[in-house]
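The values are calculated or read from the model by the stated rules, or taken from the named source; none is laboratory data. Computed from a predicted model, the values in this text were never measured in an experiment. Because the Cβ atoms are built from the backbone with ideal geometry, glycine has one as well, and the counts that use them run over all protein chains shown. Heads up: the accessible areas ignore ligands, DNA and RNA and are worked out on the full protein's heavy atoms, side chains in. Shrake-Rupley method; radii C 1.70, N 1.55, O 1.52, S 1.80 Å.
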Amino acid sequence: MADHWIENHKRDSWRRQAKASGYRARSAFKLIQIQERFKLIREGDVVLDVGSHPGGWAQVAVELIGDGGLVLGVDLEPCQPVEGATILVGDITEDLTQERILEELNHRPINTIISDISPDITGKWDVDQTVAMTLVADVFDFSMKLLCKGGSFTSKLFQGVGVEELIKAVKPHFSEVKRFSPDASRNSSSEVYLICRNFMPWTVTKHINIRKKYEELLEPKLSGNEIDDGPKEVYSSFQVRRKKAD
Ligand SMILES: C[S@@+](CC[C@H](N)C(=O)[O-])C[C@H]1O[C@@H](n2cnc3c(N)ncnc32)[C@H](O)[C@@H]1O
């Protein structure tokens, strides 16, 4: 009960701070804290904000890029315009939305992808977590190849099955992949951010399929066919000596 009270209190405190500083959502502080630690967004950057409603991250990104850059948000839900950002309404996994994103980018490579995407919650934790992981893999598949050399990709993940496998699937494409829990999301213990820095474009082909790779890596775990090396041999100096007959 006491823990619950503390969590609610912290959440309310971030909400109050967001209101006082003009941000639309307390999630803005998560991006601010990620930025303080990893310096992902720079002046003049092109930023893709995936799952951008109601616009808290877009507000922060606009402040960071200054005048020369572009913040392009996309969400299933329409939101109030964010000054300095372009926000599209659509499903990031659908062709039509992807074409509109490409049009808006007009061949400009992306410096930073920030994704706070969360699918609709059914209330069944296993189902929600699995759907969320697959959605993140789909976002990688569409957007990673649009990143410039040295670009970064940050995504919310929900802790649980598949996190290790997704990290394994994306690791070859970035020189640094880390998990980070900003203070502002500590009250949501299931949430963690995956920070992938320094994209290496020469590691991806046109037909890259992170989702397929992720599902292949996950398959043995789900079917219970993980290779078991069996019990390890234990070496010891202890020996059994026969007692000499008298
Ligand atoms: C936690 S909210 C994002 C909050 C946002 N970062 C902010 O600071 O205001 C997650 C968003 O992901 C969006 N979303 C979920 N699935 C999506 C999809 N397939 N395509 C685009 N947006 C999606 C939801 O509509 C929701 O608004």
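Details
- Of all residues making up region 27-45, the number that are in contact with a helix residue (DSSP H, G or I) (Cβ under 7 Å, 6 or more places away or on another chain) and among the basic types (Lys, Arg): 1
- The number of residues in region 179-213 being closer than 14 Å to Phe38 by Cα and surrounded by 15 or more Cβ atoms within 10 Å (Cβ to Cβ) comes to 8.
- Which numbered condition Gly55 fails, given (1) at negative phi; (2) at pLDDT 95 or above; (3) within 13 Å of the ligand (Cβ to nearest atom): (1)
- Criterion (within 19 Å of Pro201 (Cβ to Cβ), of a type in the set (Lys, Arg) and more than 9 Å from the ligand (Cβ to nearest atom)) met by exactly one of Lys149, Lys124: Lys149
- Looking only at region 114-149, and only at residues there that are among the basic types (Lys, Arg) and closer than 26 Å to Leu64 by Cβ, the one that is surrounded by the most Cβ atoms within 10 Å (Cβ to Cβ): Lys145
- Residues that are of a type in the set (D, E, K, R) and near the ligand (Cβ under 9 Å from one of its atoms) were ranked within region 86-113; the one that is least open to solvent (accessible area, probe 1.4 Å) is Asp91.
- Here Ile195 clears all of (1) away from the ligand (no atom under 16 Å from the Cβ); (2) within 26 Å of Pro54 (Cβ to Cβ) except the condition numbered (1).
- Restricting the first member to region 115-134 and to residues that are at pLDDT below 90, and the second to residues that are open to solvent by 20 Å² or more (accessible area, probe 1.4 Å) and part of a helix (DSSP H, G or I), the beta-carbon pairs closer than 9 Å and six or more apart or on different chains are Asp120/Val131; Thr122/Val131.
- Positions within region 102-133 being among the β-branched types (Val, Ile, Thr) and in contact with a Gly (Cβ under 8 Å, 6 or more places away or on another chain), in sequence order: Ile110, Thr112, Ile113, Ile117, Thr130
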